[in-house]
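Notes for the one structure printed next.
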Amino acid sequence: SNWKQKKFSVDDLGIFMARVKECHTSDQIFTLSKNTLENLPVRAKQLGLHTDEVFLLAMKTRRLAILKKEEENLNKADPPRWVATLKGHFNTMQKLAAKYDPDVQKWTKEIVDNLREHFSDILEEI
């Protein structure tokens with residue numbers, strides 16, 4: 001199947017949601033994203049998906065972890081450190097995507113842009 005014809009929406013977590021629902025903390029969700037990236041070919045085979053698709057699911061899972069982290073740290077967050085963390089995530093995500101084709105890079109950038117927009121207030125403050 002030509003998976004590229006299926007447009008990825010930022011919130012389309014699909015199969016991953018089932019796994020993510022078992023994860024309660026941002027750290028657990030990050031671990032899920034990390035493990036998925038480390039075993040991409042295996043995961044793709046298990047899920048019957050293209051490796052590019054699984055990569056994007058991992059990026060979406062990472063987005064979810066970042067949003068969850070925000071929720072957990074709402075009142076105790078150290079803004080400068082949080083901004084540094086966010087920027088680190090954005091750079092990492094785009095670096096990881098650079099190994100993939102232009103469509104994957106574009107969709108990863110959309111996920112990152114969505115996060116940048118979500119955190120625009122705090123990113124502008126510092």
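Filtering the range 58-104 to residues that are hydroxyl-bearing (Ser, Thr, Tyr) and either exposed (fewer than 14 other Cβ atoms within 10 Å of the Cβ) or not in a helix (DSSP H, G or I) (or both) leaves 92, 100.
Cβ-Cβ distance below 6 Å, separation of 6 or more or different chains: which pairs start in the range 76-104 with a residue that is within 27 Å of residue 53 (Cβ to Cβ) and end on one that is part of a loop (DSSP other than H, G, I, E, B) and open to solvent by less than 40 Å² (accessible area, probe 1.4 Å)? Sorted first by the residue in the range 76-104, then by its partner, the pairs are 86/119. Out of all the residues in the range 41-88, which are under 20 Å from residue 20 (Cα atoms) and β-branched (Val, Ile, Thr)? The answer is 42, 51, 54, 61, 66. Report whether or not residue 36 is open to solvent by 60 Å² or more (accessible area, probe 1.4 Å), under 20 Å from residue 20 (Cβ atoms), β-branched (Val, Ile, Thr) and touching a helix residue (DSSP H, G or I) at 6+ places or on another chain (Cβ under 9 Å). Spelling it out, it is not the case that residue 36 is open to solvent by 60 Å² or more (accessible area, probe 1.4 Å), under 20 Å from residue 20 (Cβ atoms), β-branched (Val, Ile, Thr) and touching a helix residue (DSSP H, G or I) at 6+ places or on another chain (Cβ under 9 Å).
The values are calculated or read from the model by the stated rules, or taken from the named source; none is laboratory data. Treat the numbers as computed from the prediction; the structure is a model and nothing was measured. All Cβ positions, glycine included, derive from the backbone under ideal geometry; neighbour counts span all protein chains shown. Protein only, heavy atoms only, side chains kept; ligands, DNA and RNA dropped before computing areas. Shrake-Rupley method; radii C 1.70, N 1.55, O 1.52, S 1.80 Å.
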